[in-house]
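Peer 1: Have a look at this one before I ask anything.
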Amino acid sequence: MNSKQHIFRISPMSLTATLLLTLVLSACGESSDNQSIVTLTDDGTLTDERGPNNGRLLRSGDFMLELAIFETGVPPEYRAWATAADQPVNPTDLDVNVQLTRLGGVVDDINFEPVGSALRGDMVIYEPHSFSVSVTATHNNTTHRWAYDSFEGRTMIEPAVVEALGIVTEIAGPAVIEETISVYGRIVANTEGISEVTARFDGQITSVAVALGDLVRAGETLATVESNQSLTTYDVLSPISGVITQRNALRGEQTAGRVLFTISDTTSVWADLSVFPADLARIDVGYPVRIHTPLSDTPFEGTIARILPDTTANQAVTARVVLDNAEGLLRAGTWIEAKIKIDEHDVPLAVKRIGLQAFRDFTVVYAQIGDEFEVRMLEMGRQSEEWVEILGGLEPGTRYVTENSYILKADVEKDGASHDH
């Protein structure tokens with residue numbers, strides 16, 4: 001075999017450096033025959049020259065190789081076509097090898113076999129299509145080599161900048177995926193904590209000490225009444241601690257046996273959740289519930305205390321949860337969203353939902369290797385509020401970005417997300 005080889009690397013460089021390299025080669029007496037032709041723009045970067053099959057054109061003298069990722073009706077694979085002196089090269093007369101070096105040092109070694117008028121690679125090009133490419137083509141005892149970078153979804157950020165931007169990473173591994181049912185409802189007063197206060201003896205109300213909405217303690221004076229029979233004055237006391245939710249007492253009025261005050265103990269409230277018939281058989285008393293309300297950033301936890309027997313006007317059944325409201329954050333009448341946990345699954349590989357981003361037609365996370373970050377296209381399974389099961393596209397033990405992953409997305413997309421086919 002002829003030992004003549006034409007080796008060059010297609011990568012960003014200044015035009016000055018390119019001219020200097022040309023002068024050095026000329027000074028070394030390099031023959032002008034079969035010189036490697038690299039098309040550069042004015043700033044010295046590679047021109048994306050495309051062939052009739054929309055593949056990248058790689059030139060070396062009068063020899064030209066077109067290399068494309070083909071995925072029409074098949075998983076992505078390389079196809080190659082060649083010409084010499086503008087004439088098609090029979091694929092049986094051509095030997096091609098492509099090596100793809102991925103982030104982290106993994107190398108895909110691809111050999112080619114003739115198929116019709118082309119050469120077909122023997123390996124699926126899995127996502128992301130981001131790698132350093134090394135191409136070797138041998139024809140008529142002459143070997144031609146090219147090397148270039150074909151990156152997508154990749155960026156480099158220094159550790160100090162990562163820390164300053166608040167980018168947080170974690171290791172992908174096992175997790176517990178909760179299976180839940182989403183329901184809606186509202187906060188209602190716990191009627192077991194409501195007290196209606198009347199006067200012990202009918203008489204005239206001489207003073208009222210509280211107003212609607214006041215918080216009172218057990219034993220606190222609510223009003224004073226002068227008895228119609230004894231003409232003596234006595235205090236009407238609060239039987240419980242709570243909030244005055246109704247006041248029907250004015251100074252000078254007769255008590256007339258009516259309810260003067262309604263006091264609600266708001267340290268406990270009910271969350272009444274609407275469960276539709278399709279989900280009713282999947283829940284039961286004691287099932288855990290996580291409740292989200294606009295009144296608090298922190299969800300409330302509870303369990304189903306009872307399932308009411310009646311069906312509401314919209315054909316839903318009410319599942320009632322008793323909630324601790326000692327801090328008074330929950331107010332009756334507030335509409336809420338809740339998730340009832342009906343099962344949980346141990347999965348071998350999961351990522352946090354907070355780290356998910358969109359990239360092209362994929363859902364991705366950004367894997368970190370050293371100071372570089374690169375997309376990983378995910379095949380997803382079961383999901384919970386916090387976790388997503390990963391069925392493919394990510395290796396266990398991979399460090400990936402969780403918090404502030406949108407910063408990586410913005411950095412990757414600022415120059416456009418290229419995808420070399």
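The values are calculated or read from the model by the stated rules, or taken from the named source; none is laboratory data. Treat the numbers as computed from the prediction; the structure is a model and nothing was measured. Cβ coordinates were reconstructed from backbone atoms using ideal geometry, including for glycine residues, and neighbour counts include every protein chain displayed.
Peer 1: From the list E413, E389, E395, E374, which residue is in contact (Cβ under 8 Å) with a residue 12 or more places away in the chain and exposed (fewer than 15 other Cβ atoms within 10 Å of the Cβ)? Let's see the steps before the verdict.
Peer 2: Details: E413 fails: in contact (Cβ under 8 Å) with a residue 12 or more places away in the chain; E389 fails: exposed (fewer than 15 other Cβ atoms within 10 Å of the Cβ); E374 fails: exposed (fewer than 15 other Cβ atoms within 10 Å of the Cβ).
Sole residue among the options that is in contact (Cβ under 8 Å) with a residue 12 or more places away in the chain and exposed (fewer than 15 other Cβ atoms within 10 Å of the Cβ): E395.
Peer 1: Is there any pair with a first residue in region 336-348 that is at positive phi and a second that is crowded, with 16+ Cβ neighbours inside 10 Å and outside any strand (DSSP E or B) whose Cβ atoms are under 8 Å apart and which are 6 or more apart or on different chains, and what are they?
Peer 2: No pair meets every condition.
Peer 1: Then there is this: Does G105 count as farther than 30 Å from I244 by Cβ, without any contact (Cβ under 8 Å) to a residue 40 or more places away in the chain and more than 30 Å from the chain's Cα centre (by Cα)?
Peer 2: Numbers: farther than 30 Å from I244 by Cβ: yes; without any contact (Cβ under 8 Å) to a residue 40 or more places away in the chain: yes; more than 30 Å from the chain's Cα centre (by Cα): no.
No.
Peer 1: Within region 315-415, considering only strands (runs of 3 or more DSSP E) that don't extend past its boundaries, which have at least 1 residues that are outside the structural domain of G185 (by TED's automatic domain parsing), small (G, A, S) and touching a Lys or Arg at 6+ places or on another chain (Cβ under 8 Å)?
Peer 2: Hits in region 315-415: 357-359, 362-369.
Peer 1: Exactly one of these conditions fails for A84: (1) out of contact with any Pro (no Cβ under 8 Å at 6 or more places or on another chain); (2) on the phi > 0 side of the Ramachandran plot. Give me its number.
Peer 2: (2)
Peer 1: Of the conditions (1) on the phi < 0 side of the Ramachandran plot; (2) touching a residue at least 60 places away in the same chain (Cβ under 8 Å), N141 clears all except one; give me its number.
Peer 2: It fails just one condition, (1).
Peer 1: Out of region 139-177, which residues are in a strand (DSSP E or B) and polar (S, T, N, Q)?
Peer 2: Residues satisfying the conditions are T142, T143, S150, T155, T169.
Peer 1: Tell me the residue from P239, P288, P277 that is modelled with pLDDT of 95 or more, under 50 Å from the mean Cα position of the chain (by Cα) and not hydrophobic (A, V, I, L, M, F, W, C), please.
Peer 2: On the way: P239 fails: under 50 Å from the mean Cα position of the chain (by Cα); P277 fails: modelled with pLDDT of 95 or more.
Just a single option satisfies the conditions, and that option is P288.
Peer 1: While we're on this one: Among the candidates V133, V161, V210, single out the residue that is surrounded by 18 or more Cβ atoms within 10 Å (Cβ to Cβ), more than 30 Å from G61 (Cα to Cα) and not assigned by TED's automatic domain parsing to the domain that holds D324.
Peer 2: The conditions single out V210.
Peer 1: Could you please let me know if I205 is of a type outside the set (S, T, Y), closer than 17 Å to T233 by Cβ, crowded, with 18+ Cβ neighbours inside 10 Å and at pLDDT 95 or above?
Peer 2: It is true that I205 is of a type outside the set (S, T, Y), closer than 17 Å to T233 by Cβ, crowded, with 18+ Cβ neighbours inside 10 Å and at pLDDT 95 or above.
Peer 1: Then there's this: Only one of these is modelled with pLDDT of 95 or more and either hydroxyl-bearing (S, T, Y) or outside the structural domain of E327 (by TED's automatic domain parsing) (or both): T245, T191, T221, T266. Name it.
Peer 2: T221
Peer 1: From (1) assigned by TED's automatic domain parsing to the domain that holds V208; (2) within 15 Å of I342 (Cα to Cα), pick out the condition that doesn't hold for A281.
Peer 2: Every condition holds for A281 apart from (1).
Peer 1: How many of the residues in region 326-356 are at pLDDT 95 or above and buried (at least 21 other Cβ atoms within 10 Å of the Cβ)?
Peer 2: Adding up the residues that qualify gives 6.
Peer 1: Okay, moving on. Name the residue, out of R258, R306, that is at pLDDT 95 or above, closer than 28 Å to E196 by Cβ, in the same structural domain as T206 (by TED's automatic domain parsing) and surrounded by fewer than 20 Cβ atoms within 10 Å (Cβ to Cβ).
Peer 2: Result: R258 is the single residue among R258, R306 that is at pLDDT 95 or above, closer than 28 Å to E196 by Cβ, in the same structural domain as T206 (by TED's automatic domain parsing) and surrounded by fewer than 20 Cβ atoms within 10 Å (Cβ to Cβ).
Peer 1: Now for a separate question. Just to check your reading of the model, which residue among E395, E386 is modelled with pLDDT of 95 or more and either touching a Ser or Thr at 6+ places or on another chain (Cβ under 8 Å) or of a type outside the set (S, T, N, Q) (or both)?
Peer 2: Checking each option against the conditions leaves just E395.
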